[in-house]
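Engineer: The following block contains the structure, expressed as structure tokens.
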Amino acid sequence: MKSSRRCAPLSEMMQNPPSSSIIEDLEDLYENAPCGYLSLEPSGRIFKVNRTLSNWIGCAPDQLVGKRLHDLLSIAGRMFYETHIAPLLRMQGFFNEVALDLITEKGERLPVIANATERRDAEGRAISTRITLLKATDRRRYERQLLDARDQSRSAEAAAQISLQNERETSELREQFIAVLGHDLRNPLASISAGARILLRTPKNEAETRVLRMMETTVVRMSGLIDDILDFARGRLGGGVTLSRDAERALGPVLQQVVDELRAAMPDRKIESDFQIADPVNCDRSRIGQLVSNLLGNALTHGASDKPVRVFASTDHGVFELWVANAGDPIPEAAMDQLFQPFFRGQVRTSEQGLGLGLHIASEIAKAHEGTLTVKSSADETRFTFLMPLRS
Amino acid sequence: MTVSVRNNVHVKGTGERAMLFAHGFGCDQNMWRFVAPAFEKDFKTVLFDHVGAGGSDLSAYDPAKYSTLSGYADDVVEIGRDLGLQGAVFVGHSVSSMVGVLASLKAPAMFSSLVLVGPSARYIDDGDYKGGFSEKQIDELLEFLEANHMGWSAQMAPAIMGNADRPELGEELTNSFCRTDPDIARDFARVTFTSDSRLDLSKVTAPTLILQCSEDIIASTEVGEYVQRSIPGSKLVVLAATGHCPNLSAPDEVISAMRAFV
């Protein structure tokens, strides 16, 4: 290590080094030092103490001689000293920066920081222990504040954990409730649908027929909503979207049926469809039907009502492609990121709002088929495209 | 994880019979550094750290298991089984005296004699029983520990490590002496000073030696005598040594009292 010039004698650095006329009084340095001094026998008894420390305690030095260090400490300090400090001192010959409380003659606490060294003989036996004590009232108060702050942050964190856990449990219960509710809603809906079909078998006037047709399409729409709720709840509960794939049966008629149902439900809206499905598509047909139904429902709700909604499906170069496009205002940039999140709803009239699950479920169905569902939106058109490899 | 890694077990010595040393609250197996070597010629010596102390595996610390002395005694029994101990001498300091009492009740064949250094059956006063401390004083100790460990375990070791002239100091300190995880130390303090082993003492069948220090504020002579009266056939030796750690302050006296017993 490079030697510091600070330690070189001044005589090496200057021709006439200044000499001080004051001589340090070592006796006074010991007695009135700005710290307490204490010397202990190996038994722990005090055999010398300086005036500074005896002033702190409030006893004359000779009153302290013969007492034990314990007698100056709080009970906790004594226990700590015996169990931690005394062993450490014996083993390593010193200790540093131990926080202790002295108890003064008046019974007040005086926080101090203690350092100590053990003097040993040639065989390593203790001859005596020298302890230096520094007042540490402010420091101890500050440390106490730090500890309090730590404890506070720990308990705040624990409370947050508990409330998070409660929230999770509540949310799981809520989703279980939704799943059960969705399931139970299907039966009455089936009765309404069956009732409407029975009534249609007998001749009706034009108004009655229109009402019954409307009931049927409403049932279809409601079934779709219930399916979405059930799928969502199942997904949250860990079930995910389950598939039963079938490559044998044709997908075209399923898509056509979805389109027909929506045309019937919304006769004043135009839906243009073009299906060119030449190759077998190994998919869950009712799920793809649900996907296209959700995309069309979305396009009809958000698209310009005076422009057609277009739906296209094809198999080409080993890829099944399906897209749904509508005209109208583009999707705002800010909404793009959340489009496929559950319960996301765009800017529409309250009466037209759904649950905000349609696009979420559609994208979950796409994922389950190892496919992708993406969106492009401009002033010309908004187009959702589902792509899926045919090999799987 | 093996028991021997978990509890940082060290086996030395050449004797047939084993002597297992258990450290108390506040330190680790270094507590026995002046005593254990004296028995290496005649005994197989076994030293270990309680989980949370010294070189033990801190990740093995389970607050539920170690919320009673029984959890610590289970570890002693596991160490004994791992080493195949039979008819061994258990030497326990301070709170580990009672850990040894419990271990000898759990596995009677493992320990044929007990040496209890500075034992206490209960630290808190209870009616006629004078443990030496009030409940409030124990609470104060727990708070006190918190104030001290802050500057102790985390900051002191690196400061000494920085002593470039004497690297062996930092090396030895950080690796060994009385290193305790502060949170675990506080738990152990609570378990130690709120323990009550009075009902276990009369069940002890192993020959027992009690080493009692003079002027011990942790375990008074009165408490030592209570332990002696409660353990059938036990023997009490009052040492000239003062304080709570005669194994460090007066190892020769401890060694000769132990030799006379075993």
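Engineer: Only residues that are part of a helix (DSSP H, G or I) and of a type in the set (A, V, I, L, M, F, W, C): list them for the range B:99-125, please. Can you show your working first?
Structural biologist: Start the filter on the range B:99-125 by keeping residues that are part of a helix (DSSP H, G or I), which leaves B:99-106.
Within the range B:99-125, B:Val99, B:Val101, B:Leu102, B:Ala103, B:Leu105 meet the criteria.
Engineer: Could you list all residues from the range B:224-262 that are of a type in the set (D, E, K, R) and closer than 22 Å to A:Leu40 by Cα?
Structural biologist: Applying the first criterion (of a type in the set (D, E, K, R)) to the range B:224-262 yields B:225, B:229, B:235, B:252-253, B:259.
B:Asp252, B:Glu253, listed by residue number.
Engineer: Counting only residues that are crowded, with 18+ Cβ neighbours inside 10 Å and under 18 Å from the mean Cα position of the chain (by Cα), give me the strands (runs of 3 or more DSSP E) lying completely in the range B:1-72 with at least 3 of them.
Structural biologist: Details: elements: B:10-12, B:18-22, B:44-47.
Output list reads B:18-22, B:44-47.
Engineer: Would you confirm whether or not the range B:78-89 contains a residue that is under 21 Å from B:Glu215 (Cβ atoms) and not in a strand (DSSP E or B)? Don't jump to the end; show me each part of the working.
Structural biologist: We begin by selecting, within the range B:78-89, every residue under 21 Å from B:Glu215 (Cβ atoms); these are none.
The answer is no; no qualifying residue exists.
Engineer: Could you check, for the range B:175-190, whether at least one of its residues is away from chain A (no Cβ under 13 Å), crowded, with 19+ Cβ neighbours inside 10 Å and in contact with an Asp or Glu (Cβ under 9 Å, 6 or more places away or on another chain)?
Structural biologist: No.
This table checks each residue for (1) at pLDDT below 95; (2) away from every other protein chain (no Cβ under 14 Å); (3) more than 48 Å from the chain's Cα centre (by Cα).
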residue	(1), (2), (3)
A:Ile23	yes, yes, yes
A:Glu31	no, yes, yes
A:Thr52	no, yes, yes
A:His84	yes, no, no
A:Leu89	yes, no, no
A:Glu97	yes, no, no
A:Leu100	yes, no, no
A:Glu105	yes, yes, yes
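Engineer: Same structure, new question: Could you figure out which of (1) in a helix (DSSP H, G or I); (2) in contact with a strand residue (DSSP E or B) (Cβ under 8 Å, 6 or more places away or on another chain) isn't true of A:Leu243?
Structural biologist: Only one criterion is unmet by A:Leu243, namely (1).
Engineer: Pairs only if they're at least six apart or on different chains, beta carbon under 9 angstrom, first in the range B:216-245 and among the aromatic types (Phe, Trp, Tyr), second surrounded by fewer than 20 Cβ atoms within 10 Å (Cβ to Cβ); list them, first residue then second.
Structural biologist: Close Cβ pairs satisfying both conditions: B:Tyr226/B:Tyr129; B:Tyr226/B:Lys130; B:Tyr226/B:Arg198.
Engineer: I'm trying to understand the selection: among the residues of the range A:259-288, which are within 14 Å of A:Val220 (Cα to Cα) and at pLDDT 90 or above? I'd like the intermediate steps shown before the answer.
Structural biologist: Taking the range A:259-288 first, the residues within 14 Å of A:Val220 (Cα to Cα) are A:259-266, A:286.
Within the range A:259-288, A:Val259 is the sole residue that qualifies.
Each row is one residue, and each column tells you yes or no for (1) out of contact with any Ser or Thr (no Cβ under 7 Å at 6 or more places or on another chain); (2) modelled with pLDDT of 90 or more.
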| residue | (1), (2) |
| --- | --- |
| B:Ala154 | yes, no |
| B:Glu171 | yes, no |
| B:Ile184 | yes, no |
| B:Ile210 | no, yes |
| B:Cys213 | no, yes |
| B:Pro251 | yes, yes |
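Engineer: Going through the range A:117-126 one residue at a time, which ones are among the hydrophobic types (A, V, I, L, M, F, W, C) and more than 13 Å from every other protein chain (Cβ to nearest Cβ)? Outline the logic, then answer.
Structural biologist: Looking only at the range A:117-126, we keep the residues that are among the hydrophobic types (A, V, I, L, M, F, W, C), and these are A:122, A:126.
A:Ala122 - this is the single residue of the range A:117-126 that is among the hydrophobic types (A, V, I, L, M, F, W, C) and more than 13 Å from every other protein chain (Cβ to nearest Cβ).
Engineer: So which residues in the range A:162-180 are loosely packed, with under 13 Cβ neighbours inside 10 Å and either closer than 29 Å to A:Thr217 by Cα or modelled with pLDDT under 85 (or both)? Show your work before the answer.
Structural biologist: Initially, the range A:162-180 is screened for residues loosely packed, with under 13 Cβ neighbours inside 10 Å, giving A:162-171, A:173-174, A:177, A:180.
The answer is A:Ser171, A:Leu173, A:Arg174, A:Phe177, A:Val180.
Engineer: Now, a different point. Quick check: is even one residue across the range B:234-243 more than 13 Å from chain A (Cβ to nearest Cβ), farther than 20 Å from B:Tyr123 by Cβ and touching a Ser or Thr at 6+ places or on another chain (Cβ under 9 Å)?
Structural biologist: Looking only at the range B:234-243, we keep the residues that are more than 13 Å from chain A (Cβ to nearest Cβ), and these are B:234-238.
In the following step, the residues that additionally are farther than 20 Å from B:Tyr123 by Cβ were identified as B:235, B:237.
Those still in the list that are touching a Ser or Thr at 6+ places or on another chain (Cβ under 9 Å) too: B:235.
Looking for residues that are more than 13 Å from chain A (Cβ to nearest Cβ), farther than 20 Å from B:Tyr123 by Cβ and touching a Ser or Thr at 6+ places or on another chain (Cβ under 9 Å), one finds at least one in the range B:234-243, hence yes.
To keep it simple, each residue is scored yes or no on (1) assigned by TED's automatic domain parsing to the domain that holds A:His360; (2) of a type in the set (S, T, N, Q); (3) surrounded by 13 or more Cβ atoms within 10 Å (Cβ to Cβ); (4) at pLDDT 85 or above.
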residue: A:Arg150; (1), (2), (3), (4): no, no, no, yes
residue: A:Ala156; (1), (2), (3), (4): no, no, no, yes
residue: A:Gly182; (1), (2), (3), (4): no, no, yes, no
residue: A:Ala196; (1), (2), (3), (4): no, no, yes, yes
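Engineer: So how many residues does the range A:158-207 have that are of a type outside the set (Asp, Glu), part of a helix (DSSP H, G or I) and over 17 Å from the mean Cα position of the chain (by Cα)? Please lay out each step first, then the result.
Structural biologist: Step one: filter the range A:158-207 for residues of a type outside the set (Asp, Glu), giving A:158-166, A:168, A:170-171, A:173-174, A:176-183, A:185-205, A:207.
When the remaining residues are screened for being part of a helix (DSSP H, G or I), the result is A:158-166, A:168, A:170-171, A:173-174, A:176-183, A:185-201, A:207.
Among the residues that remain, those that are also over 17 Å from the mean Cα position of the chain (by Cα) are: A:170, A:173-174, A:176-183, A:185-201, A:207.
Total satisfying the criteria: 29.
The values are calculated or read from the model by the stated rules, or taken from the named source; none is laboratory data. As the structure is a computational prediction, the values presented were derived from the model and not from experiment. All Cβ positions, glycine included, derive from the backbone under ideal geometry; neighbour counts span all protein chains shown.
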